[in-house]
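> Got a structure for you, questions after.
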Amino acid sequence: MPNHIFGRSTKGTLPTAVKGDGCYLIDSSGKRYLDGSGGAAVSCLGHSDAKVRTALHDQLDRVAFAHTGFFTSDPAEALADRLIAEAPEGIDRVYLVSGGSEAVEAALKLARQYFLETGQPSRHRVIARRQSYHGNTLGALATGGNEWRRAQFRPLLVETTHIAPCYEYRDRAEGETQEAYGQRAAEELEAEIRRLGPETVMAFVAEPVVGATAGAVPAVPGYLRRIREICDRHGILLILDEVMCGMGRTGHLFACLEDGVAPDMITIAKGLGAGYQPIGALLCTGAIYEAIKAGSGFFQHGHTYMGHAMAAAAANAVLSRILDDGLLPRVREQGAKLDAALRDRFGQHPHVGDIRGRGLFRGVELVADRETKTPFDPARKLNAKIKAEAFAEGLICYPMGGTIDGQRGDHVLLAPPFIIEDAQIGELTTKLATAIDRALA
Ligand code: PMP
């Protein structure tokens with residue numbers, strides 16, 4: 001077993017990655033793996049991006065690290081400016097951290113501090129959704145919906161309750177319009193706020209497109225706008241976790257731009273550093289920032305590596321690749337091709353219940369029975385088998401077993417690099433089909 005990740009697995013070995021080449025990773029035996037999921041929706045530019053590499057070399061020749069207690073840096077300032085310029089309306093402050101969990105943790109603390117400093121100390125509860133993952137630090141873990149992950153760490157740091165996500169394939173009733181379903185799903189939030197007492201709730205946290213725990217499940221049109229209205233009506237902050245679905249993955253730099261919704265805070269990470277550097281960010285509205293400024297004047301937070309110059313330099317190059325080199329339209333175009341290829345390959349598959357997603361963020365849900373949508377018995381460990389079979393074939397994909405109303409369900413998440421070519425989309429779907437059929441055999 002590998003020594004540097006002692007907690008990941010106590011058995012088995014992993015190949016050693018020695019080189020990146022576009023959409024492929026190469027191990028020490030020379031075997032090539034098509035990165036169909038960007039690891040976990042991280043490597044949006046593939047593994048050998050020239051612009052990012054040049055930016056990192058240049059920055060290393062200037063300065064690698066200057067502690068934010070003493071200095072700011074050009075790359076950190078440029079990054080904040082660019083993120084704000086592209087962010088939804090009202091978002092005009094950036095707090096740089098080193099990853100997704102840190103970004104969510106910062107958001108939770110900022111929300112709490114905001115209510116303490118604006119004279120609403122009773123607002124401490126969080127509402128999130130059952131299919132969600134928000135990170136592994138104690139606050140973020142408390143917020144996520146995966147009971148299995150949370151159970152052993154009770155009592156949890158943040159009091160969080162969970163409502164159903166907007167999960168059309170599972171929950172839209174026959175004959176119900178998307179609009180009516182979106183309204184019904186959003187009303188769950190209203191009911192939960194009333195049950196808890198609005199004066200005790202500080203934030204609703206949600207992924208605009210549910211990633212790892214459900215397999216690229218976008219909300220139906222209108223759902224997020226209704227959620228925004230409900231949060232506003234009750235004075236609750238809307239925190240959108242775009243750690244996985246943000247940074248162009250859906251074909252828009254921020255996924256919520258497509259929904260026409262401006263949250264109070266957004267968390268991003270993964271694709272922001274594209275795997276070249278660990279970096280994340282919390283973005284918030286000027287209103288929140290001003291309230292803290294007028295109060296204690298100081299956000300009670302901070303990490304040693306926040307605003308790291310190398311990480312910020314990488315992120316600037318990533319943003320430049322995405323925004324200046326036309327990658328957003330490319331994500332939409334290649335995403336539509338991936339969707340078509342998946343439908344072509346799996347549309348009639350007896351065990352594929354749903355194919356969904358946006359841009360280059362796609363999910364394939366597996367079911368024992370297409371008619372009843374019954375998931376496979378979790379004892380089959382189907383997702384682990386698909387992962388292993390795909391890996392043997394030279395495909396990296398991200399199969400997971402999500403929880404569907406207490407039952408496990410299996411899906412495969414796909415999030416390939418934005419540079420994926422048509423032929424590689426073909427390779428991905430062919431290898432995935434082989435892996436799924438072998439795992440089912
Ligand atoms: N939020 C979401 C939506 C995520 O998908 C993840 C990571 N899978 C996180 C937060 C946590 O990010 P990190 O692993 O970088 O701490």
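> If we keep just the residues of the stretch 132-176 that are of a type in the set (S, T, N, Q), within 20 Å of residue 195 (Cβ to Cβ) and in contact (Cβ under 8 Å) with a residue 60 or more places away in the chain, which is farthest from the ligand (Cβ to nearest atom)?
So in the stretch 132-176, the residues of a type in the set (S, T, N, Q) come out as 132, 136-137, 143, 146, 152, 160-161.
Filter again for within 20 Å of residue 195 (Cβ to Cβ), leaving 132, 143, 160-161.
Restricting the remaining residues to those that are in contact (Cβ under 8 Å) with a residue 60 or more places away in the chain gives 132, 143.
Details: 132: 7, 143: 9 Å.
Applying the filter and picking the extreme gives 143.
So that you can scan it fast, the table gives a plain yes or no per residue for (1) β-branched (Val, Ile, Thr); (2) at positive phi:
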| position | (1), (2) |
| --- | --- |
| 241 | no, no |
| 267 | yes, no |
| 275 | no, yes |
| 282 | no, no |
| 290 | no, no |
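> I would also like to ask the following. Would you mind telling me which numbered condition in (1) modelled with pLDDT of 95 or more; (2) farther than 20 Å from residue 172 by Cα residue 401 fails?
(1)
> Could you tell me how many of the residues in the stretch 87-116 are aliphatic (A, V, I, L, M), under 21 Å from the mean Cα position of the chain (by Cα) and away from the ligand (no atom under 16 Å from the Cβ)?
Within the stretch 87-116, residues that are aliphatic (A, V, I, L, M), under 21 Å from the mean Cα position of the chain (by Cα) and away from the ligand (no atom under 16 Å from the Cβ) number 3.
> Against the conditions (1) modelled with pLDDT of 95 or more; (2) in a loop (DSSP other than H, G, I, E, B); (3) surrounded by fewer than 17 Cβ atoms within 10 Å (Cβ to Cβ), where does residue 51 fall short? Just the number, please.
Only one criterion is unmet by residue 51, namely (2).
> Anything in the stretch 407-441 that is of a type in the set (S, T, N, Q) and at pLDDT below 95? List them, or say none. So that I can check it myself, show each step before the final result.
First, the residues of the stretch 407-441 that are of a type in the set (S, T, N, Q): 407, 424, 429-430, 434.
Selection gives 407 alone.
> Against the definition (touching a residue at least 24 places away in the same chain (Cβ under 8 Å), loosely packed, with under 14 Cβ neighbours inside 10 Å, on the phi < 0 side of the Ramachandran plot and more than 24 Å from the chain's Cα centre (by Cα)), how does residue 179 come out, yes or no? If you could, list the steps in order and put the result at the bottom.
Working: touching a residue at least 24 places away in the same chain (Cβ under 8 Å): yes; loosely packed, with under 14 Cβ neighbours inside 10 Å: yes; on the phi < 0 side of the Ramachandran plot: yes; more than 24 Å from the chain's Cα centre (by Cα): yes.
For residue 179, the condition - touching a residue at least 24 places away in the same chain (Cβ under 8 Å), loosely packed, with under 14 Cβ neighbours inside 10 Å, on the phi < 0 side of the Ramachandran plot and more than 24 Å from the chain's Cα centre (by Cα) - is met.
> Just checking, does the stretch 386-403 include any residue being without any contact (Cβ under 8 Å) to a residue 40 or more places away in the chain, surrounded by 15 or more Cβ atoms within 10 Å (Cβ to Cβ) and assigned to a strand (DSSP E or B)?
Checked the stretch 386-403: at least one residue is without any contact (Cβ under 8 Å) to a residue 40 or more places away in the chain, surrounded by 15 or more Cβ atoms within 10 Å (Cβ to Cβ) and assigned to a strand (DSSP E or B).
> Same structure again: Give me the residue from the stretch 267-303 that is of a type in the set (Gly, Ala, Ser) and part of a loop (DSSP other than H, G, I, E, B) and, out of that set, nearest to the ligand (Cβ to nearest atom).
Filtering the stretch 267-303 for residues of a type in the set (Gly, Ala, Ser) gives 269, 271, 273-275, 280-281, 286-287, 291, 294-297, 302.
After this cut, where a residue has to be part of a loop (DSSP other than H, G, I, E, B) as well, the list is 269, 273-275, 295-297, 302.
Working: 269: 5, 273: 9, 274: 13, 275: 11, 295: 28, 296: 27, 297: 29, 302: 17 Å.
The extreme case among them is 269.
> From the list 336, 315, 311, exactly one residue is assigned to a helix (DSSP H, G or I), out of contact with any helix residue (DSSP H, G or I) (no Cβ under 7 Å at 6 or more places or on another chain) and in the same structural domain as residue 249 (by TED's automatic domain parsing). Which is it? Show your work before the answer.
Values: 336 fails: in the same structural domain as residue 249 (by TED's automatic domain parsing); 315 fails: out of contact with any helix residue (DSSP H, G or I) (no Cβ under 7 Å at 6 or more places or on another chain).
Just one listed residue meets the conditions, 311.
The values are calculated or read from the model by the stated rules, or taken from the named source; none is laboratory data. Since this is a predicted model, take the numbers as computed values, not measurements. A quick note on method: Cβ atoms are made from the backbone with ideal geometry, for glycine too, and the neighbour counts reach across all protein chains shown.
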